[in-house]
Amino acid sequence: MVESVWGDVEVDGADAEIASAVSGAAGDGRATPVEVAVDAPGASRTYTYLLPGRLADVEAGEAVLVEFGRGRQALGVVLGPASGELTGEAKPVIARVRADGPLLPALSLAFARWISEEYLAPPAAVLRSMLPPGMLERLDLVAERIPAPAGVPGEETLGSGPLDKAESELLSRLENGPRAVPDLEGGDGRAATLRRLRAMASRSLVRLEWTLTAASAGPRYERWFTLTDEGRGVAGGAAAVGGRLGPKQRALLADLAEAGDAGMAGAVAAERHGSGAGTSLERRGLVVAELRERPRRPLDRRPVGRRGTRPEGVALTPLQQAALDTILAAVASRDATPLLLEGVTGAGKTTVYAEAIAETLIAGRPALVLVPEIALAMPLVDRLRADLDATIAILHSGLAAGERADEWRRIRAGGADVVVGTRIALTAPLADVGLIVVDEEHDAAYKSDRTPRLQARDAALALARLAGAAVVLGSATPSVESVGRAREGRYRHAVLPERPSGAPPRVEVVDLRAELAAGNRGLLSGALSGALATLPEGERAILVINRRGTASVVVCRDCGHVQRCPECERTLVFHQAGVTLRCHHCGTATPLARRCPVCRSPRIRYLGGGTQRVEEEVKAAFPNLRVGRLDRDVAEHKGALERVLDAFAEGRLDVLVGTSLVAKGLDIPEVTLVGVVSADVALNLPDERAAERTYQLLTQAVGRAGRGERPGRAIIQTYQPDHAAILAVATGNAAAFYDAELEVRRRFGSPPFGRLVKLTVGLPDHLAAEHEAAAMADRLRAAAAARSVASAAGPANQVSVLGPAPAYIARRAGRWRWNVVLRGDRPLELLNPLPGAPWSIDVDPDSLL
C-alpha cells in the first residue's frame, strides 16, 4: 500500500514489485514523450517522461506514477506532449493513477503553466492549489475483479489451473466492488497477499490499479429504493410472499408507489424510512436498491435573498447600457481586452454584471465572478440568484471540505452556469468561460500570501486571454495600477459617476486633535456620538475601524505629525526590539523621538484600538441600540459571517462594528450613518500603497450610507484632516488623488510603470539572516549592473535592488526575516537561477512590509 499527501511517494520492496506488475513492460509499443509536473522535493519545474504504448490513451490532466530520483516513486500530472527535441534518456511512466478521468480540463492546465511561469511556483504546487483540499490525500493500490467471459461458468477454470482457497477468498471479497489492497491482507501477511494478487492479475482474474482515494473530500452517497414488479403488486394490495410486512415496510412501499404514480423517479431515499425497512424488502425481492451520489450544495438551504435585486421594469441608465454594450461586444468577439468599470458606490455596477452574465449564458458560455472577501460572496450570490435563471456554484475557503469538493466536481462536470467566489474560484475547473468579472478589483485580498503567490486580478486577465473571454474589472475606487493602464489605453474605461436614485452621503471630517484638546479621551467623537444618539428608529449605522494587522504607528496627539524616513519619505515603524523607528523601504533606522519634531509636544501616541473595544464602548454609551461586530475573529467561525450580515440586513441589529469587512459590498437602504472611527492607522503604514488603501476603504465605507430614499451621512475621525487621501474622500475629487499617486509611482518605477519582486529570507539566527540577506542583495546588484548595459539582443533592463531591510513582522515561527526588493522593468530576469531555501519569492507583492 502506498500512502501520500500529494507528494513524495515512497514505495518499499513489496509495493515496488506490485508497481512492476501494474506497469508491465516499459517498452510495449512506441513511447511518446510527455511533460509531467512531479510533486516531490526539488521538483521546481516540469520533466519529460516516456508514455509507453500500453498507456497511449492517457490524456493531459491525468495523474500518473513516475520514478523521480533513484528508487523513489512520486505522483505526477501529465500536462501534454513534451515540447522540443528529447535530449538525454527519459524514464518511462510507471502507471496511470485512476482518478475518474483527467483531474483538470485543458484550459486549467494551460492556466497552471502560466501561473507557474509568472509567479515562479513549482508546477505541481500550482496544480494542487487548483484541486479541493483532501482530494489527493491517499494513493492506494486497488484490486478489482474482472468478470468472467460470457459462457464461462466460473473463474475456477480460468488461467493455468484451479484457484486455491486463498485465491477464491480474495475473489469472493471483491464481489461487491474494488477494494484497496491493504483491506485484502490475509493472515499470512501483506507480502503474500501482494504476490497472490500479482499472480491472479497475470491470469486476468483481477485488475490492479493505482487509485487516488479521496478522504473527506470524496463524494457522499445514499441508498435509493425502486419498486420491482412484485413490489408494485404488493403495494397495490396483493399478498406478500414470505409473511406479513411491518408498518415501516408498508410505508416505504406506499411512498414508492405514490412517487411512481406522480410521474416522479419512483425512488425514495433510504433515510426517510430507515435502512432496515428497505434492506428487508430488498431481500424479499420487492424493491431494488442502488447507491446514488448525494451532492452537498451550500446554496440549497439558503432561500433566494431580496438584497440588491433590481426592481422589475427599471431600465438601465444610458451609461449602464453603454458599458453593457462594450462588454457584450467583447463577449461576441472573444476580445480579452479588460474593461475598467468605475462607478461610485450604488451606481449599479452589479446590475451591469447581471445583464452581461445573462447575455453570456444565452451565448452558451459560462461566467466567472470573483469577489475579494467571503463576506461579499453571499450578497452577490443572492442578487444573481434573484436576477438570473441560472445554476450558480460558489467556491470559497469558508465552505466545508465536502461542500467545496462537491461544488468543484459539479463545475468540472459542466453543471454550473455561473461560478462565484473568492480568489480560489479563479482556478475552478471550467472547460470554458465567456465572461470574467472581478468585483472590487482594487482589493488587497486578491493577492495570495501562499504558494502560488498569485494576484487574482492580474491572473484573471491571463485566464481571459487563454479562454477568449471578456473581462470586467469593477470598482468604485480602482487600483492606481488599473487607472494608470486605462489612461495609457491598455484597458477600456467606462465610468458611472452617479447613483441612479438618491444623492451621495454628506461627508464630515472630525479632527481628533481638537477632540483631545476638549478633553474627549474616548474612541467616539462628539459628532459621532451625537449621530448615534439621534439615530431614527428603523435606520442603521456602520462603524468602521481602518486598521491592518498589528500596526504600530507613532503620531503626535497635538499636531498630528507622523515621523517619516529622511531618505525616501516613507512612514517609520516602531520596533520594540531596540526601541527604534525603522524604514521598511530602505532600512534606515532612527531613535524614537520623545518629543514631536514639529511642535515639540511630548504627547506621542501609538495608534491602535480594536473592534471589540469599539463595540463595548457603543454598547455602554447606547444601551438601547442593538450592536453587532464583524471582523476576522468573528468571520473565522463557520456560518457566523452570514448570520451577522443577515441579522443586520433584516433589522435585528441597529449598529454593525467592523473592519474592512463591513465597508464593502453591503447594499442596505436602511443604512443612513457611517462612522470611520480611526482613519489613521493604515494611512501611516510604511507602504507606498498606504494612502491608496485608505482612500479606497474610506470611499467604500462612506458609500454604504444613503443607498435608499433616506439621505446618508458619513463621519470620518482623523488626526490628519489635511492628508490627501482624507481630502479626496471629503471633496469627492478622485482625479487629483490618482494624479498625485501615479506621479509618485512613476518616480519610483512602481506599478504600473514597473514591476516589483520581494525576496524574503528566514533563519533562526538573527545575524545569519541579516548576513544572508546582505549577500543576496550584493549578488543581485552585481547581476543588475551586468544587465543594465544594452546588448544586441534587446534593450537594457533597468532594475533597482533595495535593502536588505527587516520584515515588518521581523520574527515569525522562530525565524528572523529580512527582505530584499527588486524594482524595474523586468526584475524576474535577475532570478536565474531561482534562489532556493531558505528564500521565498513574492512576485508583484501587495506590500513591501
Which condition number in (1) small (Gly, Ala, Ser); (2) farther than 21 Å from Thr477 by Cα; (3) open to solvent by 20 Å² or more (accessible area, probe 1.4 Å); (4) touching a strand residue (DSSP E or B) at 6+ places or on another chain (Cβ under 8 Å) is the one that Ser660 fails?
(2)
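Condition check: surrounded by fewer than 19 Cβ atoms within 10 Å (Cβ to Cβ) and modelled with pLDDT of 85 or more. Does Leu120 satisfy that?
Numbers: surrounded by fewer than 19 Cβ atoms within 10 Å (Cβ to Cβ): no; modelled with pLDDT of 85 or more: yes.
Answer is no for this residue.
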Return a yes/no flag: does segment 686-701 have any residue that is open to solvent by 10 Å² or more (accessible area, probe 1.4 Å) and touching a strand residue (DSSP E or B) at 6+ places or on another chain (Cβ under 6 Å).
no
In this structure, does Gly651 turn out to be in a loop (DSSP other than H, G, I, E, B), modelled with pLDDT of 85 or more, at positive phi and of a type in the set (Gly, Ala, Ser)?
yes
Residue hits (segment 620-639; within 18 Å of Glu539 (Cβ to Cβ) and either surrounded by 11 or more Cβ atoms within 10 Å (Cβ to Cβ) or at pLDDT 95 or above (or both)) are Ala621, Phe622, Leu625, Arg626, Val627, Gly628
What pairs can you find where one residue is in segment 539-564 and under 22 Å from Thr611 (Cβ atoms) and of a type in the set (D, E, K, R), the other is assigned to a strand (DSSP E or B) and at pLDDT 70 or above, and their Cβ atoms are less than 6 Å apart, with a gap of 6+ or different chains?
Glu539/Thr672; Arg540/Val671
Among residues of segment 808-823 being modelled with pLDDT under 90 and open to solvent by less than 80 Å² (accessible area, probe 1.4 Å), the residue nearest to Thr588 (Cα to Cα) is Tyr808
Do the conditions hold for Glu407, that is, is it in contact with a strand residue (DSSP E or B) (Cβ under 7 Å, 6 or more places away or on another chain), crowded, with 19+ Cβ neighbours inside 10 Å and part of a helix (DSSP H, G or I)?
yes
Inside segment 355-380, the number of residues satisfying the requirement of being surrounded by fewer than 21 Cβ atoms within 10 Å (Cβ to Cβ), part of a helix (DSSP H, G or I), in contact (Cβ under 8 Å) with a residue 24 or more places away in the chain and of a type in the set (A, V, I, L, M) is 3
I need the full set of residues from segment 482-512 which are β-branched (Val, Ile, Thr), under 30 Å from the mean Cα position of the chain (by Cα), part of a strand (DSSP E or B) and crowded, with 18+ Cβ neighbours inside 10 Å, in order please.
none
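At pLDDT below 80 and touching a strand residue (DSSP E or B) at 6+ places or on another chain (Cβ under 7 Å) - does that describe any residue in segment 211-218?
Our first condition is that a residue be at pLDDT below 80; within segment 211-218, this holds for 213-218.
Adding the requirement that they be touching a strand residue (DSSP E or B) at 6+ places or on another chain (Cβ under 7 Å) leaves 213, 215.
Yes; the residues of segment 211-218 include at least one that is at pLDDT below 80 and touching a strand residue (DSSP E or B) at 6+ places or on another chain (Cβ under 7 Å).
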Modelled with pLDDT of 75 or more and surrounded by 11 or more Cβ atoms within 10 Å (Cβ to Cβ): which single residue out of Ala330, Ala270, Ala315 fits that description?
Ala330
Wholly enclosed strands (runs of 3 or more DSSP E) of segment 410-478 bearing at least 3 residues at pLDDT 95 or above and crowded, with 24+ Cβ neighbours inside 10 Å
435-439, 470-475
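Let me confirm something: among Leu136, Leu163, Leu171, Leu158, which residue is buried (at least 16 other Cβ atoms within 10 Å of the Cβ), touching a Phe, Trp or Tyr at 6+ places or on another chain (Cβ under 6 Å) and at pLDDT below 85? Walk me through it before giving the result.
Details: Leu163 fails: touching a Phe, Trp or Tyr at 6+ places or on another chain (Cβ under 6 Å); Leu171 fails: touching a Phe, Trp or Tyr at 6+ places or on another chain (Cβ under 6 Å); Leu158 fails: touching a Phe, Trp or Tyr at 6+ places or on another chain (Cβ under 6 Å).
Every option except Leu136 fails the conditions.
State whether the residues of segment 477-498 include one that is over 30 Å from Ala336 (Cβ atoms) and touching a strand residue (DSSP E or B) at 6+ places or on another chain (Cβ under 6 Å).
Of segment 477-498, the ones over 30 Å from Ala336 (Cβ atoms) are none.
No, segment 477-498 has no match at all.
Does Gly712 satisfy being more than 12 Å from Arg823 (Cα to Cα) and modelled with pLDDT under 90? Reasoning before the result, please.
Values: more than 12 Å from Arg823 (Cα to Cα): yes; modelled with pLDDT under 90: no.
In short, no.
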Within segment 707-741, residues being free of Cβ contacts under 8 Å to residues at least 60 places away in the same chain and either part of a helix (DSSP H, G or I) or more than 24 Å from Ile604 (Cα to Cα) (or both) number 11
Any idea how many residues of segment 663-700 are within 29 Å of the chain's Cα centre (by Cα), in a loop (DSSP other than H, G, I, E, B) and among the acidic types (Asp, Glu)?
3
Scan segment 643-655 and report the pairs whose first residue is over 18 Å from Ala533 (Cα atoms) and whose second residue is surrounded by 22 or more Cβ atoms within 10 Å (Cβ to Cβ) and modelled with pLDDT of 90 or more, with Cβ atoms within less than 7 Å and a gap of 6+ or a chain change.
Phe648/Arg540; Phe648/Leu656
Taking the condition of being over 17 Å from Glu35 (Cβ atoms), touching a helix residue (DSSP H, G or I) at 6+ places or on another chain (Cβ under 9 Å) and part of a strand (DSSP E or B), how many residues in segment 57-106 meet it?
2
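The values are calculated or read from the model by the stated rules, or taken from the named source; none is laboratory data. Fair warning: this is a prediction, and the values are worked out from it, not measured in the lab. A quick note on method: Cβ atoms are made from the backbone with ideal geometry, for glycine too, and the neighbour counts reach across all protein chains shown. Note: accessible area is taken over every heavy atom of the protein model, side chains too, but ligands, DNA and RNA are not part of it. Shrake-Rupley method; radii C 1.70, N 1.55, O 1.52, S 1.80 Å.
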